[in-house]
Every structure is written in C-alpha cells, then in structure tokens.
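Read the structure below first, then the notes.
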Amino acid sequence: MVQDLKVNERDPPALHKDLVKCVNKYGMSFEAVCPSTQIKKEMPLWYHPGADHRKRQLNNGEKADCMQKNHSVQTVGDGLNLTRRLDDPEHENLDSCECNDCEEDRTVYDCENPHSCAAAAASRLRQILPEWLPTPGADETPVPEDDTDRLPPTKSISSLAQGLRMMTKRADEPKVRPDPVVR
C-alpha cells in the first residue's frame with residue numbers, strides 16, 4: 001500500500017485477490033504530511049508514491065534488476081547508500097573503476113558494472129519529488145516557539161504503518177451531507 005502500483009482490478013493475482021478487493025472497497029492510501037527523515041529512508045525506491053509522474057520512471061530494466069537482485073536495493077535509504085560512492089574521491093566514473101566499493105560489488109554482489117548501478121540509483125532518486133527525499137539534519141531543527149507563521153504538523157508519523165489511511169464509504173451515506181438542524 002506504500003507503493004504506487006497499478007493492480008488489475010478485474011483479475012488480480014489469486015494470492016492478493018481479497019487484499020485488492022478490500023483496498024478498492026475502502027480506499028486505502030498512504031498519507032504523510034510531515035514524515036521524518038527515517039520514514040523517508042524506509043519508503044520504497046521502486047514505485048514510490050512521491051515520484052514525479054511527469055518524468056519517465058525507471059522501475060524496470062537491466063540496471064533496476066541488478067540493483068534489486070544483486071545489490072538488494074529496496075528502499076530510498078538503500079539507494080542513497082549505493083550512490084554514496086559517487087562522491088568518493090577514489091571512485092572513477094567508469095565501469096572499470098577499482099575503488100573499494102566497486103571491487104566489493106564485483107566480487108561479493110556479482111555486479112558487472114557497479115558504477116552504472118550507482119549512477120542509475122542516483123537517477124532513480126532524482127525522479128522522486130524533493131519533499132520525499134531525506135535531508136540530513138532536517139529532523140533536528142526545532143521550530144521556535146515565537147514563530148507564529150508556522151503551524152505544528154498535524155499528521156506527522158513515526159512509522160510507515162501510521163501513514164496508511166482507510167477512507168470508508170457507506171452505501172447508504174448521501175453524496176452531500178445535509179445542513180445540521182438548528183435547535
């Protein structure tokens with residue numbers, strides 16, 4: 001429910017049939033107005049709900065498969081860890097780079113082109129809207145008490161499960177609510 005997946009509603013996979021019916025019936029969605037840096041890191045990198053849909057999403061393909069299978073990249077935090085080498089002065093922007101991280105990826109994770117995977121992870125992260133990317137030190141900045149222009153967040157969450165919302169609709173509920181009776 002945290003990923004932005006389109007599921008075939010007519011014939012969902014048998015394992016997920018009841019789940020898809022429930023999600024569609026009750027309108028389950030993920031909502032977080034002020035997620036913490038930790039929550040942003042735990043969000044899925046693939047089919048991210050905060051992806052910029054104006055950009056072509058790179059959820060599939062050779063590099064995405066390598067990142068998922070060989071590097072075990074599943075979350076935004078995993079993607080950030082993979083891209084860290086791009087800022088390393090020992091790293092060369094070549095698939096034949098011999099820095100420690102690239103050598104480890106070749107030997108331990110059986111990746112043929114570690115630099116390409118790191119660059120693809122950086123590209124995938126750029127497809128996510130900036131408000132959904134973790135910013136170092138963002139959670140540690142306190143809001144001054146005399147700051148009247150800012151209201152405290154009303155929907156802050158501390159875990160992914162707290163961001164799931166069910167918006168139910170009853171069959172007998174009118175589309176427009178009537179005005180309350182004045183007594």
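The values are calculated or read from the model by the stated rules, or taken from the named source; none is laboratory data. The shown structure was predicted, so the numbers you read here are calculated from the model rather than taken from an experiment. Neighbour counts are summed over all protein chains in view; Cβ atoms, including those assigned to glycine, are modelled from backbone coordinates with ideal geometry.
Before moving on, here are some points about what is shown:
- Unmet requirement for Thr168, which otherwise passes all of (1) surrounded by 14 or more Cβ atoms within 10 Å (Cβ to Cβ); (2) at pLDDT below 85; (3) in contact with a helix residue (DSSP H, G or I) (Cβ under 7 Å, 6 or more places away or on another chain): (1)
- Selected residue (criterion: modelled with the lowest pLDDT) from residues of segment 1-34 that are under 23 Å from Ser72 (Cβ atoms) and part of a loop (DSSP other than H, G, I, E, B): Met1
- Answer residue from segment 42-83, given it is among the basic types (Lys, Arg) and surrounded by fewer than 16 Cβ atoms within 10 Å (Cβ to Cβ) and is farthest from Asp105 (Cα to Cα) among those: Arg54
- Taking the numbered list (1) surrounded by fewer than 15 Cβ atoms within 10 Å (Cβ to Cβ); (2) assigned to a helix (DSSP H, G or I); (3) of a type outside the set (Phe, Trp, Tyr) in turn, Glu90 passes all entries but (2).
- One residue alone among Leu125, Leu82, Leu86 is at pLDDT 90 or above, under 11 Å from the mean Cα position of the chain (by Cα) and hydrophobic (A, V, I, L, M, F, W, C), and that residue is Leu125.
- Candidate set from segment 59-91 (those that are basic (Lys, Arg) and in contact with a helix residue (DSSP H, G or I) (Cβ under 7 Å, 6 or more places away or on another chain)); member that is farthest from Thr37 (Cα to Cα): Lys63
- If you go through segment 44-57 and keep only what is closer than 27 Å to Glu112 by Cα, of a type outside the set (Ser, Thr, Tyr) and at pLDDT 80 or above, you end up with Pro44, Leu45, Trp46, His48.
- Cys99 meets all of the listed conditions (1) touching a His at 6+ places or on another chain (Cβ under 6 Å); (2) at pLDDT below 90 but one, namely (2).
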